[in-house]
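The values are calculated or read from the model by the stated rules, or taken from the named source; none is laboratory data. In this text, all values refer to a predicted model and were calculated from it rather than measured experimentally. Here the Cβ positions follow ideal geometry from the backbone for every residue, glycine too, while neighbour counts run over all protein chains shown.
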Amino acid sequence: MKRGLQRSATLGLLLSAALLGGTSPAGAHPLGNFTINVYGGLIVQQDRLVVDYVVDLAEIPTYQARATIDLDGSGAISQGEAAAYRDERCAALASGVAIDAGGGPVTLGTTRSAISFPAGAGGLATTRLECRFESAADLAAQASITYVDTNYEGRLGWREVTAVGDGVTLRETDVPATSESSRLTAYPADGLSPGITSASIRATPGGPRLASLPGPGQDAAAIAGAPGTDAGILAALAGSRDLSVWLVGLMIIVAIGVGALHALGPGHGKALIGAYLVTRGGSIRQAVAVGGAVSVMHTASVLALGLLVVSAERVLPPERIYPWLGLASGLVALALGSWLLISRLHAAGRLGAKTPEPHEHGSHAHPHAHEDETPLSRRGLAALAVSGGILPSPSALVVLLTSISLGRTVLGLALIAAFSAGLATSLIGVGALAVRARASASRRLPQRVMTWASVASAAVIAVIGVVLTTRGLIQL
C-alpha cells in the first residue's frame, strides 16, 4: 500500500511537471533536435599541440546513442557505462582529427575527458562530451600547421574551429581565436553555423602564455548528470517497468495534456490557422477541420520518421530529412499566403470601385459587410495540414521510440494518438478564437476595414512561408 502511495505521489509530481510546462529552454540547438554539433579548439604550444574538443549531441542523436551506452539494457545509464562510452568515443574522435605540424602528421592521444547529459528541449536528454587531445611537437622555429576534422561528416549540425597560441605567436590563421558559441554552450540567436572543419596556421615561438587551458579540468573523471529515464515525461512513463490499467490511463491523460501544451509553443501552425480563418472567414466547423487536419498530419509525420529511425537511419539519416520537411512546410505556406494575398487584393480593388449600398438595421445605417462564406477548400485544408503538421515533435518521436525499444509498440501508438488529440484540441481552440474574433469585428467595423484586415492576414501567412522557407534552405 505504501509503495502504491509513493508511486502515485511520484507520478503526480511528473504529471504536474508536464502540465506546468516543466521543460528546458527551447532553441538550445539552433539547427534542430537531430543535430550533432562539434567544436575544435586548437592550442599551439612550443613543445606540444592541444585540442579542446567538444561534441554536443542533440535530443534525437542522444536517444539513438542510448542503446550503445546502456550496455546492460536496464533503461538507466550507470556511472560505469557513461565512463566507458566517454573513453571509447574520445579515442574514436581523436582518430578523426588530422593535424600536420612542421611538414609531418602528429598522433593525438586523449589526456582528459568528461561527459554529461544536460536536459534539452521538452525535458529530453542531450549529451555533452569533452575530450582533451594532446601531441608532442617541436616548434623551435617557424612552422606551418594544418588541422582537419573529419568526424561526423554528412551529419547536420554546428561546426566550429578556433586557434590560439600559448607561448607561441600565430602569424597567420584562417580561423578565429574565440568560440562564437562559447564552446557549444551558448549558440548565437541567428543559428547560422560557421561550418568550419579545418584550419591553416603559421606559428613562431614566443608570445604570451594562457592563464589556463580550456576544457576538462582535473576532476574530469567525474560523470555529470548521468541520465536514467530522463528522456522526457512521456518517455519516462512509457518506460515504466510495471504497467497497470490505471497507469496506462494516466499516461493517456498526460499525453493529451502535454500535446495541448506543446501546441501552444512555437510552431505547429497556430499563426497559419488563425491568419487563414481571419482571411477566409469561416465557422467553428471549419476550425475543427483545420485543427484536426494539422493533428493528423503531425501524427503521420511522427510515425513516418519513427519508422525511418528504426529501420533505415544508416541509409537515410533523419536529420537530413528534417530540413527538407521544413522547406516543404515553408513553400506550401508561401504558396498559400501568396494566393490568398492576391485574391484579397483583388477583392479590395473591387470594393474600392463599387461602394455597397447602406442598409437600415434598427436605428443605425451602415454598409452591409458581406462575409466570405465559401467553404474551406480541400486544397486549403491540405496546405494548412502540410505547413502546420509536417514537422514531427521530437518529444513525441522519443515516446514512440522508447515504447518500441521496450516491446510496447501498441502503447506507443496510443500515446502518440493521445498526444495528437491534445495538439488538435489546442489548435481547434485557436481556430475558434479566430473565427469568433472575426465575426465580432465584422459586426462593428466597416467592410473596407475587414477587407484590408483579410489582406493583412494573407500577408502574414506569406511572411511565415518566407521565414520557414529561408530556414529550411539554410539547414539543407
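With respect to ALA94, is the statement that it is of a type outside the set (Val, Ile, Thr), in contact with a strand residue (DSSP E or B) (Cβ under 8 Å, 6 or more places away or on another chain) and either surrounded by fewer than 21 Cβ atoms within 10 Å (Cβ to Cβ) or under 22 Å from LEU308 (Cβ atoms) (or both) true? When the stated conditions are applied, ALA94 passes them. Strands (runs of 3 or more DSSP E) fully within segment 35-142 that include at least 1 residues being touching an Asp or Glu at 6+ places or on another chain (Cβ under 6 Å): 36-44, 48-57, 97-101, 109-116, 127-136. Against the conditions (1) in contact with a Leu (Cβ under 8 Å, 6 or more places away or on another chain); (2) closer than 25 Å to LEU277 by Cβ, LEU400 satisfies every one except (2).
In segment 55-76, the residues that are over 19 Å from LEU397 (Cα atoms) form Cβ pairs under 6 Å with partners that are part of a helix (DSSP H, G or I) and not acidic (Asp, Glu), at six or more places apart or across chains, as follows: ILE69/TYR85.
Determine, yes or no, whether TYR63 is surrounded by 24 or more Cβ atoms within 10 Å (Cβ to Cβ), aromatic (Phe, Trp, Tyr) and in contact with a Phe, Trp or Tyr (Cβ under 7 Å, 6 or more places away or on another chain). In short, no. Between LEU316, LEU340, LEU334, the distinction of being modelled with pLDDT under 80, part of a helix (DSSP H, G or I) and not charged (D, E, K, R) belongs to LEU340 only. When residues in segment 214-239 are screened for being surrounded by 18 or more Cβ atoms within 10 Å (Cβ to Cβ) and at pLDDT 80 or above, 1 of them pass.
Yes/no matrix, rows are residues, columns are (1) modelled with pLDDT of 80 or more; (2) of a type in the set (D, E, K, R); (3) outside the structural domain of SER442 (by TED's automatic domain parsing):
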{"residue": "ARG241", "(1), (2), (3)": "no, yes, no"}
{"residue": "VAL248", "(1), (2), (3)": "yes, no, no"}
{"residue": "ALA275", "(1), (2), (3)": "no, no, no"}
{"residue": "VAL278", "(1), (2), (3)": "no, no, no"}
{"residue": "ALA289", "(1), (2), (3)": "yes, no, no"}
{"residue": "HIS298", "(1), (2), (3)": "yes, no, no"}
